[in-house]
Structure formats: structure tokens, C-alpha cells
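The next block holds one structure in the form of C-alpha cells; read it before the comments.
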Amino acid sequence: MAILNVSLRGTAASTSSSSLPSWPHLSNSVPFSLSKKPVIAKFPNTTILSPPKLRLQASFGKKTRASLSATMATGGQEVLPPALTSTSDPPTLFDGKTRLYISYQCPYAQRAWIARNCKGLEENIQLVPIDLQDRPAWYKEKVYPPNKVPSLEHNNKVKGESLDLIRYIDSHFEGPSLFPDDPAKREFAEELLSYTDSFNKSVFTSFKEDRTEAAAGAAFDYIETALSKFEDGPFFLGTFSLVDIAYAPFLERFQPFSLEVKKYDITAGRPKLAAWFEMNKNLAYKKTRRDPKELVESYKRRFLAQK
């Protein structure tokens, strides 16, 4: 029996958290039985993202060639398109494609982006990033009159508002469910989703008034208590859900800014919140994260420049 040497170049993703969606096992070893000469099969420029789609093609003749491709809801490196500006042409609108208009810097848009990735919809929902500092006029005129992100172009209609969009993406597209069936968890989820604006406002106010611990402590205590309600995982509803997606972009910003600028560790004395930051291991979310240093500098300009 000949030996098949396989050179596989790319990235393979997996998740170590049992609370995140589980996927069928994907192996990078492919057995072949050949006769005569040893054969070397190469997989050039291959990126393994994750199941559920796996395709292997091989043809045998003078040369043996094999190609392996896979897609997974939580892995891989998506090539992100550049942000569109006032001089950029619009995409071909309402042509049947589904598009998610975002800003890479916007936490509200990040919610919808995370939901899209967690559902494994990278190939189904096209990202269209907008430069909010130099946004194109056609976005307001032809796409979304409120002129905000995120917005979703789907079935020849455009919808907005981040909390509405993450629900819409979860319920209208295939992929792992991001909302629980358990009635008690669903009820608590609604309470937590309703609290997001109040939570963010409390923390923003504390940053402006330079009294983060006193002003925002109660808000972070609420989060700690909420994370203690269910014991079947480290997330708000035990298992990962839309609630985590709603809070993640903001906690991602609050933590490094509070620590570096305000000298206040929001996880100190809050073990549940500290454990929740295991969220960072969710690769679908990780692909949307910004450099913490970039986030801190952005908040410095926003809050410290006002003094």
C-alpha cells in the first residue's frame, strides 16, 4: 500500500467551551488506498472553518489531486472588506442577496455581526461595512433612511435596530438556535434584554462623571447577580444566547477602559462576571472583536475630551 502524504495549509478552529454550540468532529486526516507509486496530495490555500458542510473531491490519473473545504459556525478567518466611504459606489441593491450593513467600530452593529457568525451565516449574509465618519450619501438615500448601523437587507426589505436584528437573524435563518426553549429562561432573557440600555447608560454616565466605581458598581452588581441565576453554564442563561450577544460588545469596551483609565476592575469581587469573559473563547465572537488598545483610545477621546 502506498503512503499518501498530505500537506494541509490553512486554519482549523475549535471551541473548548462545552456551553457553546457543538459540532460534528472534523478530522484533517483523509485515508486513501492506492497502488503502485506513492502519491502526494496537497490542499493549497485551504481554510477549514467548521462543519456542517464538508466536501472532498479526488480524481485519479497521471496526477492525483484532492480538494477539501468545510464551513463551520464558529471558526476560520473571514477576509473583511474595507469600509465604504462617501466616494464608494453602492452595492447592487435589492438583487436578492442578503447584506448586513455595519461599522467595525460600532458596538450595536457588532451585536448583529456576532449573531450572523454564531449562526454560521458568513456565506449567506454579506458584510457591508460603512465608515461612519465619512458615510456615503446613498446609504441614507437608498438603503436605510435613519442612517444608522446596523441594518439588514433581506428579501428586498431593510430592517434596523440591533436588538431586533439579532432576534430576526436567529429566527429567520438556519443555524444553531440562540434563544432557549425553557419558559423560565425566555422570561429572564426578555428582562435582561430590556435592561441593556439602562445598563449602558449607567456606565457611560459614570465614565463622564469620573466616579466609575460608585456610579457603575450597582450596574455591574446587577450583571453579577443575573449571571448567578442559572448554573448550567457561565453565561446569562447558562448556555450561550442572544443575551450574551447583546451585552458582549459593551462589556468588551467597559472592562479595559475601566481598568486602564479608571483603575477599576469590574470583575473584582464578581467571580461570575470574571467567568463570563470566557466568552472571549467563542471564535464566532472573537472574529468581531477589536484590539482592546484601540477601544481604550476610542473611549478616551469620547469621555476624557469632554472634561
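Among residues of region 214-226 that are of a type in the set (D, E, K, R), none has a beta-carbon under 6 Å from a residue that is open to solvent by 10 Å² or more (accessible area, probe 1.4 Å) and at pLDDT below 95 at least six positions away or on a different chain.
Selection within region 269-288: residues that are in a loop (DSSP other than H, G, I, E, B) and open to solvent by less than 60 Å² (accessible area, probe 1.4 Å). The member of this set that is modelled with the lowest pLDDT is Asn282.
Of all residues in region 126-156, those being under 17 Å from Phe94 (Cα atoms) and either in contact with a His (Cβ under 8 Å, 6 or more places away or on another chain) or polar (S, T, N, Q) (or both) number 5. Looking across region 161-211, the residues that are assigned to a helix (DSSP H, G or I), under 18 Å from Cys106 (Cβ atoms) and out of contact with any strand residue (DSSP E or B) (no Cβ under 8 Å at 6 or more places or on another chain) come down to Ser162, Leu163, Asp164, Ile166, Thr196, Asp197, Phe199, Asn200, Lys201, Val203, Phe204, Phe207.
Taken residue by residue, region 134-144 has at least one member that is over 19 Å from Leu251 (Cα atoms), among the β-branched types (Val, Ile, Thr) and out of contact with any helix residue (DSSP H, G or I) (no Cβ under 6 Å at 6 or more places or on another chain). Candidates are the residues of region 195-219 that are of a type in the set (Ser, Thr, Tyr) and open to solvent by 20 Å² or more (accessible area, probe 1.4 Å); the one that is farthest from the chain's Cα centre (by Cα) is Thr205. For region 220-254, filtered to residues that are in a loop (DSSP other than H, G, I, E, B) and within 15 Å of Leu273 (Cβ to Cβ), the residue that is most open to solvent (accessible area, probe 1.4 Å) is Lys229. Can you confirm whether Ile125 is under 26 Å from Phe235 (Cβ atoms) and surrounded by 18 or more Cβ atoms within 10 Å (Cβ to Cβ)? Judged against the criteria, Ile125 is a match. Residue pairs whose Cβ atoms lie under 6 Å apart, separated by 6 or more positions or on different chains, with the first residue in region 90-118 and farther than 13 Å from Ile169 by Cα and the second of a type in the set (A, V, I, L, M, F, W, C) and open to solvent by 50 Å² or more (accessible area, probe 1.4 Å), are Ser103/Leu132. For region 149-194, filtered to residues that are among the charged types (D, E, K, R), within 19 Å of the chain's Cα centre (by Cα) and surrounded by 18 or more Cβ atoms within 10 Å (Cβ to Cβ), the residue that is farthest from Lys97 (Cα to Cα) is Asp170. Taking residues in region 180-195 that are in contact (Cβ under 8 Å) with a residue 12 or more places away in the chain and closer than 12 Å to Ala226 by Cα, and partners anywhere that are open to solvent by 70 Å² or more (accessible area, probe 1.4 Å) and part of a loop (DSSP other than H, G, I, E, B), the pairs with Cβ atoms closer than 8 Å and at least 6 places apart or on different chains are Phe188/Lys229.
Does Ile130 fit the bill of being of a type in the set (Val, Ile, Thr), within 30 Å of Arg301 (Cα to Cα) and under 23 Å from the mean Cα position of the chain (by Cα)? Yes; evaluated as a whole, the condition is true for this residue. Remark: Pro146 matches the filter, which requires a residue to be assigned to a loop (DSSP other than H, G, I, E, B) and either closer than 27 Å to Ser86 by Cα or modelled with pLDDT of 95 or more (or both).
The values are calculated or read from the model by the stated rules, or taken from the named source; none is laboratory data. From a predicted model like this one, the values you see are computed outputs, not experimental measurements. Here the Cβ is made from the backbone with ideal geometry for all residues, glycine too, and neighbour counts use every protein chain on show. These accessible areas exclude ligands, DNA and RNA; they are computed on the full protein's heavy atoms, side chains included. Shrake-Rupley method; radii C 1.70, N 1.55, O 1.52, S 1.80 Å.
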